[in-house]
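Scroll down for the structure; my scribbles are underneath it.
The numbers here are math on the coordinates, done by the rules we state, and not lab data. Everything numeric here is computed off the predicted structure, so don't read it as measured data. Counting neighbours? That spans all protein chains shown, and the Cβs are built from the backbone with ideal geometry, glycine included.
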């Protein structure tokens, strides 16, 4: 098992290097640092001196990949690629446009993101799996049919609508919870309820339908027929056999998401004014802060790869037949 | 009055897509298994009803994809001068909607503005009151209180006309199917004519009165700058369709080619392609899109000399967005196709072909590609609705289409603060969400019908 994990981690390295090269190309080759300086300083009325100054302050005045003037190692290290991209591997993300340390900012914003994402995720999983199981239990009845119709309708509603509508109804009309904001400590729950509920509701349509398909696929298998044939009641068949066997396909989709929960949700967080990583990213996009966006892309891919590895490991825990030796 | 035809890049692509669709339809007609699957789609009532709705949307989008610049009035004998503004056929048809702008917000079917203003009333001096709208309900004159009667009567007449028109279509269909010796409307024609006709009835019963009334009122109200919301909705349809359709056009060749090549040749080619899509896949989609759009925005902003009109700039940004969405979304289909190709290449008939010395590319085109078509079709239809929804979210976040371009996302974005107003302005949001809901729901239902027909195994 350990050997397998180590091997997977080693496999992840070339992929991360690829991500790094891709973002580097995207941010520095498509646009030169001159373009970025011009954007930041305002496209019109910008002097070449101001551009040079901007670049020098932020360390963009170095060569892109190879420094011809340097000696020894500094041929490669004293470059934009090394300073801005390669250093990300050791968690050094540099500074944002407003001068703040990105790594520290990420550290402090991770918790609010998790505070929203984790309850939404767990509650959402519970609700959708329960609904899907109910629909599968009453399969091929009018209940199932209308359930699926509702799911398709719910899927077709824009996520923006859930947020805007929910905020308007629950916070503005009924005044049940604050519209937006975030509090420290235990007081935070009042701010958390609405985004969590909206997050769960907006996911119901597509996930329920997806899990229902998985359950129905299990229902048609031979072992279920055997279980019924030996006289097990239908509820027992569902909870003991089908639910357990349907866990693998459900796990595939779910475990990958867990690390990404750190990233938060762009929409929810910026709507509810939660100081998490999602709103951080949105703010950075709006402020055209390239270093922050670059760092978030890198972290996102690291988390995704971690998720993939976790998925494979979780297989072995759920299904002892799967071995990776 | 003359005009100059303008072909924007996205227009070109969308008409190319129409041509491609016709070409594919002709290919399908020659292939019995695909034809049989499409027949099953045709027999599905839900599928055909949603297809009818989709076609209505596509018609609006196509009308909006024929662009021109109107000729300005000039002295005879002089060289013709054309307007800077790029219009479309839809703009010409909806000219009253486009040009009859109010000052600011007005509610649906309102005759007065939504905000009080100081107005001069003869004999009374200056009064603060809601001023009459310049266009909405103008024909009523003094009988301002009779809006409900007027609307009801107009809508009733329009419905009658719509129904008569629909009866004509109905008669044509019945006559047409009779002649082929088939019984219609009983589900025995093999094509769900009843669903199509019923949907068509609903569409004309809604759209004809809407069209009629929109000439006299602002049916969905007006927005902050007094522009008719119905007009914005119509314009948003094209943006949504382009994002949904052109993106699939972009990703399709890449996904199909790389997927098949990886599965068929295996070895280092497979490793390389797998590496590429794992790298792309491991970056969260929204972030990759955000980064790419950000970069593209810098390119556009630093090279203003590339674009002669604002429409061209917005158009290029739209296309760039399609490309970026395409690049981030080809990986899933590619992986599916690779897996299926790996399976197919081990089958006997492919090995027989190889033993006969048929070239690899010929095997791919003749034997593998046709056997993958069902996966491709399912994936394409399934992706569409997600892309329309994604466009709205991206535009809302500020990394979608150009802010000057009308789309569901930009509409929602400009309308979101209106819910905080008192009294609340709800109509633009409601209209944008409803239109998007109908489009996406139809797409989802159609996708389901297609998937059921092509992949009977999946529940």
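In segment A:257-296, the alpha-carbon atoms span a convex hull of 62 Å³ per residue. Averaging 1/r over every pair of different alpha carbons in segment A:204-325 and inverting the result gives a Kirkwood radius of 17.4 Å. If you run the Gaussian network model on chain A, springs between alpha carbon atoms under 10 Å, then out of A:13, A:114, A:232 the most flexible one is A:232. Any chance you could tell me what percent of the C-alpha pair distances in segment B:163-318 go past 22 Å? Counting every Cα pair in segment B:163-318, those more than 22 Å apart make up 71 percent.
Contact order for chain B, expressed relative to its length and based on alpha carbon pairs under 8 Å spaced 6+ residues apart, stands at 20 percent.
With all pairs of separate Cα atoms included, segment B:267-307 yields a Kirkwood hydrodynamic radius of 12.3 Å. Need one word for the protein assembly as shown: rounded, prolate or oblate. Basis is the Cα gyration tensor (sqrt eigenvalues a ≥ b ≥ c); a/c below 1.5 gives rounded, then a/b vs b/c decides. It comes out rounded by the Cα gyration axes.
In µm²/s, what is D for segment B:31-85 at 37 °C and 0.692 mPa s, where D = kT/(6 pi eta Rh) by Stokes-Einstein and Rh is the Kirkwood radius from Cα pairs?
Working: Rh = 15.3 Å.
Estimated diffusion coefficient is 214 µm²/s.
Just round it to a whole percent: the fraction of Cα-Cα distances in segment A:264-322 exceeding 16 Å.
Working: 967 of 1711 pairs.
Summing the P(r) tail past 16 Å for segment A:264-322 gives 57 percent.
With bins 5 Å wide beginning at 0, the percent of Cα pairs of segment A:174-262 falling in each bin runs 3, 11, 14, 15, 13, 11, 10, 9, 7, 4, 3, 0.
Stokes-Einstein diffusion coefficient for chain A at 37 °C in a medium of 0.692 mPa s, Rh from the Kirkwood formula over Cα pairs: what value in µm²/s?
Details: Rh = 23.2 Å.
The calculation lands on 141 µm²/s.
Of A:110, A:263, B:436, the sequence from fewest to most neighbouring Cβ atoms within 10 angstrom is A:110, A:263, B:436. Here the translational diffusion coefficient of segment B:229-291 follows from Stokes-Einstein with Rh set to the Kirkwood radius across Cα pairs; for 10 °C and 1.306 mPa s it amounts to 111 µm²/s. Annotation: the residues B:179, A:209, B:69, B:157, sorted from fewest to most other C-beta atoms within 10 Å of their own C-beta, follow the order B:179, B:157, B:69, A:209. With everything on Cα atoms, drop me the angle between helix B:285-302 and the longest principal axis of chain B, reported from 0 to 90° to the nearest 10. Approximately 60 degrees, to the nearest 10. Principal-axis analysis of the Cα atoms of chain B puts helix B:369-397 at an angle of about 30° to the longest axis.
Could you work out the Kirkwood radius for segment B:374-459, taking every pair of different alpha carbons, averaging 1/r and inverting it, reported in Å? Kirkwood radius, segment B:374-459: 14.5 Å. For chain A, the longest principal axis of the alpha carbon atoms and the long axis of helix A:48-58 meet at an angle near 60°. Divide the volume of the convex hull around the Cα atoms of chain B by the residue count and you get 225 Å³ per residue. Rg and Dmax of segment B:65-200, based on Cα coordinates, read 24.5, 76 Å. Relative contact order for segment A:111-225: 42 percent, from Cα pairs under 8 Å spaced at least 6 residues apart, divided by residue count. Counting other Cβ atoms within 10 Å as a rough exposure proxy, the listed residues B:239, B:309, A:23 run B:309, A:23, B:239 from fewest neighbours to most.
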